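To start, the structure itself, in structure tokens.
The values are calculated or read from the model by the stated rules, or taken from the named source; none is laboratory data. It should be emphasised that the depicted structure is a prediction, and the values quoted were computed from it without experimental measurement. Here the Cβ is made from the backbone with ideal geometry for all residues, glycine too, and neighbour counts use every protein chain on show. When the accessible area is computed, the model is the full protein with side chains, heavy atoms only, and any ligands, DNA or RNA have been set aside. Shrake-Rupley method; radii C 1.70, N 1.55, O 1.52, S 1.80 Å.
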Amino acid sequence: ANNKKKILAESQKRLGKLDAYIQKKQWFNVTTELDRYMGETRAAVRFLAQTPAQKTTATNFFKAIEKTNLNARLKKQDACAAAAADSIRLLDSFAASL
């Protein structure tokens, strides 16, 4: 479980980089950052989510990540930035609930 929490901390750092990439319209960096580590993040979040509230937050986080990825591929800057901010907020909320 401790290792999973380290994965969450690394994911929070990586998600923090997204805003700069989005502002510079570096879509390849956004999608690469999401593809690179989010598989580990998904597994860690699923493992750590115990309560129904945590599971709901986890599902909403996954949807926000997918929305961020899709908007980056479609090169929609404002929608991508909003989804990225939402994903950061949801991951922070999930981590705080542990």
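A few points about this structure:
- For region 1-56 versus region 70-97, the gap between their alpha-carbon centres in whole angstrom: 10
- Shape metrics for the chain, restricted to C-alpha atoms - Rg then Dmax, Å: 12.8, 38
- Those aspartates and glutamates that a straight Cα-Cα span of less than 19 Å connects to K25, excepting residues fewer than 8 apart in one chain: E33, D35, E66, D78, D86
- Across K13/K67; K4/K76; K5/K55; K24/K55; K24/K76; K55/K75, pairs whose alpha-carbon gap is larger than 24 Å: K4/K76; K24/K55; K55/K75
- If the chain linking A53 and Q23 were pulled fully straight, counting 0.36 nm for each residue of separation and taking away their Cα-Cα distance, it would gain 7.6 nm.
- Angle between the chain longest axis and helix 77-96 axis [Cα atoms, degrees, rounded to 10]: 20
- Peptide ranges 14-22, 61-69, 89-97, 45-53 listed from the most packed, as the mean C-beta count within 10 angstrom indicates: 61-69, 14-22, 89-97, 45-53
- Helical mean residue ellipticity (222 nm; -39500 (n - 2.57) per DSSP H run of 4+; nearest 500) of the chain: -30500 deg cm²/dmol
- For the chain, carbon and sulfur atoms together expose 52% of the accessible surface, with a 1.4 angstrom probe and every protein chain in place.
- For the chain, accessible area per residue (1.4 Å probe, heavy atoms of protein chains only), Å²: 56
- Residue-by-residue Karplus 3J(HN,Hα) for region 61-68, coefficients 6.51, -1.76, 1.60, Hz, glycine and proline x: 4, 4, 5, 5, 5, 4, 5, 4
- Between A9 and S97, the contour length at 0.36 nm per residue exceeds the alpha carbon distance by 30.3 nm.
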